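Okay, so here's the structure we're looking at.
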Amino acid sequence: MLLEINPLVLPDIGLVFWNTIAFLILLIVLGKFAWKPILKAIHDRESGIEEALLKADKMKADITAMQNENEALLAKAREERAILIKEAKEASEKMVAEAKDKAKAEYDRILADAQLAITQQKNAALIDVKNQVGSLVIEVAEKVLRKELSNKADQEGYIKQLADGVKLN
Amino acid sequence: MHNFNCFIPIFAANFEHIMSLLRLKTLLIACFSLFAVLSVTNSFANENAVAAEGHVANAEKKEGDFNVTETILEHIKDDHSWHLWGHTSIHLPVILKTSKGFEVFSSEKFVNEHHEPVVYKGNFDYKLIEGKTKIVDESGNLDVAASKQLWDLSITKNVASLFVSVFILLVVLLSSAAAYKKTGVKSAPKGLQSFMEPIILFVRDEVAVPNIGAKKSGKYMPFLLTIFFLILTNNFLGLIPFFPGGANVSGNIAFTMTLAVCVFIVVNLSANKSYWEHIFWMPGMHWSMKLFLAPIELIGVFTKPISLMIRLFANITAGHILVLSLICLIFIFKTVFASAIAVPFAVFIGLIELLVAFLQAFIFTMLAAMYIGMATEEHHHEAHEGAAHH
């Protein structure tokens with residue numbers, strides 16, 4: 001009775017029929033050509049994003065590791081540089097000291113040489129002067145003697161005198 | 001995707017609010033239905049009186065007379081012609097299957113130039129009685145026995161509107177599927193594609209996966225998505241008051257029944273052994289309890305799809321009735337000033353209907369997913385507990 005009163009709750013067979021057909025068509029066509037590719041695309045994108053995130057994390061870890069490595073290398077390099085600088089300084093100081101020593105030695109040698117040469121030349125000059133003085137003395141003495149010993153008596157007196165002197169030696 | 005994720009917490013937060021709105025709506029509907037029932041009985045009483053007076057009274061019925069119930073039901077019911085504007089309407093084809101085979105003719109033949117129902121003489125004599133095609137005898141009276149043999153497979157307004165929605169769905173979804181092929185997986189969705197994707201993701205992440213499980217849900221996704229979008233499109237089309245919409249497809253019991261039967265078939269075909277065990281011989285219970293529970297659980301198998309059917313039908317129909325009755329207020333009071341109240345209320349209810357259109361599609365799909373989830377769930381731990389009890 002209630003169902004007869006209200007036609008709203010009486011299903012029409014026509015709409016049931018067409019709706020079944022429409023729904024099946026939608027289910028098959030959309031299932032094959034819309035839902036499958038769309039869901040696959042979304043899934044692919046999601047897994048792509050997930051993969052990319054994982055990759056990014058891994059790369060981040062890699063970069064951190066590399067940074068640590070770099071820092072370690074840098075520290076080592078700094079240490080080495082300090083050692084190198086220190087060594088170089090030492091070497092240069094040593095070289096400078098050596099050069100100084102060498103220069104001093106050379107200077108001393110040159111000085112000694114010069115002094116030797118001066119002494120030798122002085123001696124030579126003295127000898128020369130002595131020789132010249134000697135020869136001059138001899139010349140003067142010869143001239144004096146010639147004049148004084150021009151007579152025989154004087155000559156003999158003098159020889160006698162010299163001979164006396166020799167005997168005393 | 002991001003936008004949509006923003007939407008979900010808002011949705012969740014507003015859910016209580018929405019529910020209270022719905023309760024308010026239910027109250028309004030209840031009040032209205034009471035009013036409607038009273039007026040129905042009144043109008044029936046009137047009609048009886050009119051019938052008693054004979055056809056003379058019908059002829060005297062002026063064009064200005066206005067019957068609210070009739071008007072509203074006319075808008076909600078299915079029809080053989082699709083009204084466009086004024087006196088223009090599309091006469092849809094009538095397809096009849098009788099004992100003499102199929103018959104196709106235009107529904108124009110059912111009415112004369114004054115829009116009064118007339119008899120069409122085909123294989124039988126057909127006439128529209130209360131909007132439905134019936135077989136009549138020579139004197140124009142209903143032939144009940146012959147009418148039972150009649151299968152009306154006509155393209156009615158609802159069927160045509162259903163086809164429109166199928167067409168829209170095919171165009172929209174196939175083109176967005178093509179967009180994925182064209183732009184590839186890596187690029188962000190664009191245009192229509194970016195509008196559809198959050199909804200598809202919503203169905204997958206909020207409906208299918210939580211109820212069925214991530215592993216099994218893939219198999220049921222096409223079914224759930226198709227149901228969701230079909231209901232959603234028809235709900236929205238039903239809210240459009242003029243031509244491409246205007247039909248009340250998702251508020252038609254035949255439509256909701258078909259979908260509920262589809263859900264029923266899918267649920268029971270995918271049900272596993274433990275589901276049936278839980279229905280007929282509930283594990284972990286005393287044998288007397290098992291005997292007691294079996295018929296209740298068996299009824300539950302049928303009430304689930306029936307509740308799906310009635311929920312969607314009642315919600316959408318109620319919404320349509322509500323909007324129509326508010327508009328009818330203008331004609332009841334016979335003054336244009338009534339629109340000052342009726343139109344803002346109709347707009348307000350219309351906005352709620354927009355929400356309901358989405359909500360009902362969501363609820364139907366979610367419950368379908370839940371039933372599928374219940375049917376495919378594995379009950380390992382409970383089975384062991386049951387064994388321990390024995």
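Conditions (1) closer than 30 Å to B:Leu230 by Cα; (2) within 14 Å of chain B (Cβ to nearest Cβ); (3) of a type outside the set (A, V, I, L, M, F, W, C), marked per residue:
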| site | (1), (2), (3) |
| --- | --- |
| A:Val9 | yes, yes, no |
| A:Val29 | yes, yes, no |
| A:Pro37 | yes, yes, yes |
| A:Lys40 | yes, yes, yes |
| A:Glu51 | no, yes, yes |
| A:Ala56 | no, no, no |
| A:Met59 | no, no, no |
| A:Arg81 | no, no, yes |
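Would you confirm whether any residue within segment B:134-157 is surrounded by 19 or more Cβ atoms within 10 Å (Cβ to Cβ), in a helix (DSSP H, G or I) and either facing chain A (nearest Cβ under 7 Å) or touching a helix residue (DSSP H, G or I) at 6+ places or on another chain (Cβ under 8 Å) (or both)? No, there is no match, as no residue in segment B:134-157 is surrounded by 19 or more Cβ atoms within 10 Å (Cβ to Cβ), in a helix (DSSP H, G or I) and either facing chain A (nearest Cβ under 7 Å) or touching a helix residue (DSSP H, G or I) at 6+ places or on another chain (Cβ under 8 Å) (or both).
Scanning segment B:198-218 for residues that are within 12 Å of chain A (Cβ to nearest Cβ) and at pLDDT below 90 yields B:Ala214, B:Ser217, B:Gly218.
Residues that are touching a strand residue (DSSP E or B) at 6+ places or on another chain (Cβ under 8 Å), within 13 Å of chain B (Cβ to nearest Cβ) and of a type outside the set (Lys, Arg) do occur in segment A:13-23. Cβ-Cβ contacts under 7 Å between residues 6 or more apart (or on different chains), taken from a first residue in segment B:59-72 that is exposed (fewer than 14 other Cβ atoms within 10 Å of the Cβ) to a second residue that is at pLDDT 55 or above, are listed as B:Phe66/B:Phe331. Does B:Glu378 count as under 30 Å from B:Thr226 (Cα atoms), outside any helix (DSSP H, G or I) and at pLDDT below 95? Yes.
Please note which helices (runs of 4 or more DSSP H) are completely contained in segment B:197-301 and include at least 3 residues that are surrounded by fewer than 19 Cβ atoms within 10 Å (Cβ to Cβ).
Values: elements: B:209-212, B:214-239, B:253-270, B:273-280.
Filter on segment B:197-301 gives B:214-239, B:253-270, B:273-280.
Checked against the criterion of being at pLDDT below 80 and either among the β-branched types (Val, Ile, Thr) or assigned to a helix (DSSP H, G or I) (or both), the candidates A:Lys167, A:Lys94, A:Lys160 yield just one match: A:Lys167. Based on what the data block shows, is B:Asp125 acidic (Asp, Glu), outside the structural domain of B:Ala254 (by TED's automatic domain parsing) and over 30 Å from B:Pro222 (Cα atoms)? In short, yes.
The values are calculated or read from the model by the stated rules, or taken from the named source; none is laboratory data. Quantities reported herein were computed from a predicted structural model and do not represent experimental measurements. Counting neighbours? That spans all protein chains shown, and the Cβs are built from the backbone with ideal geometry, glycine included.
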